[in-house]
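Q: I have a structure here, written as structure tokens, and I will follow up with some questions on it.
The values are calculated or read from the model by the stated rules, or taken from the named source; none is laboratory data. Computed from a predicted model, the values in this text were never measured in an experiment. For neighbour counting, all protein chains shown are included, and Cβ atoms are generated from backbone atoms with ideal geometry for every residue, glycine included.
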Amino acid sequence: MKTGVNMATATSPGYRSHIHNADWGRWQSSSFQCDNGLVLTHSQLTLQQPWQQIRCQRHSERRLVMTYAVQGYSEFQDEQGHCLRFESGQLVTSVYRNGIGQRSYPRADNINQLRLVVTESALQRYIGESRCAQVFGPAMGTQETFRLLNSETAVSEQLQALAIQPMQLLDGLSRRAMAFSWLAEQLQRLDTIGMRRDSLNPGARQQLNRITGYIREHLDHPLAYADICRACAVSEYQLKSLFRQLLHTTPGQYVLHLRMQQARQLLAEGYRVAQVAYRVGYAHPNNFTAAYRRIYGHSPRAYDRY
């Protein structure tokens with residue numbers, strides 16, 4: 001196995017660069033500490049095969065993390081099995097209590113991600129304690145590793161430009177300006193989303209919890225929209241609206257994600273593909289295999305090789 005690390009020179013204060021070559025591929029990362037508690041990171045991976053990375057980072061305070069998945073697909077799964085997905089072209093904003101879990105790259109792929117991380121104390125300095133508390137939300141439980149705030153594909157031209165700029169070619173002032181601009185832009189976006197959520201019926205969150213609970217309990221059923229609506233006493237319009245405004249996804253995508261997440265767990269436990277297919281709601285194993293391949297880039301029969 002070949003391994004190499006390339007550190008930035010002392011003439012670039014706050015800037016660090018790492019290159020790692022291994023049998024599974026190549027990983028290159030550049031990071032710049034814009035301020036105390038504010039870090040901009042650009043990661044690029046060229047994978048020859050699926051790869052998993054165990055993360056054991058414990059933080060002294062919560063962090064707001066904005067990840068722009070410029071290219072490729074990856075996911076983060078915490079110790080409780082909750083999964084956060086990063087799909088190509090998607091901007092994901094989350095609050096992390098810690099970084100303990102597993103980062104997975106389930107297919108041979110080119111990964112390109114831009115990430116901005118700001119600590120809670122740093123954000124308090126920038127926008128004040130009251131507004132910072134609104135962004136981070138209530139205290140997180142001991143079983144809560146992360147909290148998804150927003151996920152969208154509408155990305156500004158400024159952020160797209162930042163993603164294609166080699167960080168090492170920018171001076172410190174330009175890096176800081178871009179980082180603060182991105183942070184300000186995303187905070188405005190979160191304010192808008194927060195106002196939309198506040199305008200929802202107070203029972204909307206409870207209603208969504210009832211729907212998602214029903215879905216989780218019936219993953220081995222077909223779960224057509226009509227079935228969910230009938231069981232949970234909502235219209236199709238209400239169903240789609242709740243998922244769009246509170247989870248930033250569609251009911252169909254939510255069901256697919258849960259099914260694939262459970263499928264991987266069952267495969268890891270040694271179940272056969274046909275058994276897994278039936279347990280996650282597919283009447284025909286071939287349909288399950290096709291869906292699994294679309295998400296992970298390989299057949300479920302090949303799971304044990306990875």
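Q: Taking the stated definitions as given, is residue 108 in contact with a Gly (Cβ under 9 Å, 6 or more places away or on another chain), surrounded by 15 or more Cβ atoms within 10 Å (Cβ to Cβ) and of a type outside the set (Phe, Trp, Tyr)?
A: Working: in contact with a Gly (Cβ under 9 Å, 6 or more places away or on another chain): yes; surrounded by 15 or more Cβ atoms within 10 Å (Cβ to Cβ): yes; of a type outside the set (Phe, Trp, Tyr): yes.
Against the criterion (in contact with a Gly (Cβ under 9 Å, 6 or more places away or on another chain), surrounded by 15 or more Cβ atoms within 10 Å (Cβ to Cβ) and of a type outside the set (Phe, Trp, Tyr)), residue 108 qualifies.
Q: Name the single residue, out of those in segment 224-282 being among the aliphatic types (A, V, I, L, M) and either without any contact (Cβ under 8 Å) to a residue 12 or more places away in the chain or in a loop (DSSP other than H, G, I, E, B) (or both), that is nearest to residue 191 (Cα to Cα). Spell out the reasoning first.
A: So in segment 224-282, the residues among the aliphatic types (A, V, I, L, M) come out as 224, 226, 228, 231, 233-234, 239, 242, 246-247, 255-256, 258, 260, 263, 266-268, 273-274, 276-277, 280.
Retained after the next criterion (residues that are either without any contact (Cβ under 8 Å) to a residue 12 or more places away in the chain or in a loop (DSSP other than H, G, I, E, B) (or both)): 224, 226, 233-234, 274, 280.
Values: 224: 34, 226: 33, 233: 31, 234: 28, 274: 46, 280: 37 Å.
Across segment 224-282, the extreme among qualifying residues is 234.
Q: Quick check on segment 150-175: of everything there that is closer than 26 Å to residue 137 by Cα and modelled with pLDDT of 80 or more, which residue is surrounded by the fewest Cβ atoms within 10 Å (Cβ to Cβ)?
A: Within segment 150-175, the first condition is being closer than 26 Å to residue 137 by Cα, and the residues that meet it are 150-156, 159.
Those still in the list that are modelled with pLDDT of 80 or more too: 150-153, 155-156, 159.
Working: 150: 16, 151: 18, 152: 13, 153: 11, 155: 15, 156: 14, 159: 19.
Going through the qualifying residues, I end up with 153.
Q: Cβ contacts < 8 Å: first residue assigned by TED's automatic domain parsing to the domain that holds residue 37 and on the phi > 0 side of the Ramachandran plot, restricted to segment 61-81; second residue of a type in the set (Asp, Glu) and surrounded by fewer than 23 Cβ atoms within 10 Å (Cβ to Cβ), any location; separation 6+ or different chain. Result?
A: Here the result reads 72/109, each pair linking segment 61-81 to a residue that is of a type in the set (Asp, Glu) and surrounded by fewer than 23 Cβ atoms within 10 Å (Cβ to Cβ).
Q: Among (1) in a strand (DSSP E or B); (2) in contact with a Gly (Cβ under 8 Å, 6 or more places away or on another chain); (3) within 24 Å of residue 166 (Cα to Cα), there is one condition residue 56 misses while meeting the rest; what is its number?
A: The one condition residue 56 does not meet is (3).
Q: Residue 304 - would you say it is under 25 Å from the mean Cα position of the chain (by Cα) and either at pLDDT below 85 or surrounded by 13 or more Cβ atoms within 10 Å (Cβ to Cβ) (or both)?
A: Yes, satisfied.
Q: Can you name every one of the strands (runs of 3 or more DSSP E) wholly within segment 62-111 that holds 2 or more residues which are modelled with pLDDT under 90 and over 10 Å from the mean Cα position of the chain (by Cα)? Even if it seems obvious, please write down each step before you answer.
A: On the way: elements: 63-71, 74-78, 83-86, 90-96, 99-105.
Correct list: 99-105.
Q: Tally up the residues in segment 283-301 that are part of a helix (DSSP H, G or I) and surrounded by 14 or more Cβ atoms within 10 Å (Cβ to Cβ), please. Please lay out each step first, then the result.
A: Applying the first criterion (part of a helix (DSSP H, G or I)) to segment 283-301 yields 285-296, 300-301.
Cutting the leftovers down to surrounded by 14 or more Cβ atoms within 10 Å (Cβ to Cβ) gives us 285, 288-289, 291-293, 295-296, 300.
Going through segment 283-301 one residue at a time, the tally reaches 9.
Q: Among the numbered criteria (1) surrounded by 14 or more Cβ atoms within 10 Å (Cβ to Cβ); (2) over 20 Å from residue 249 (Cβ atoms); (3) touching a strand residue (DSSP E or B) at 6+ places or on another chain (Cβ under 7 Å), which single criterion is violated by residue 125?
A: (3)
Q: Mind listing whichever residues of segment 178-202 are modelled with pLDDT of 90 or more and either surrounded by 13 or more Cβ atoms within 10 Å (Cβ to Cβ) or of a type in the set (D, E, K, R) (or both)?
A: 179, 180, 181, 182, 183, 185, 186, 187
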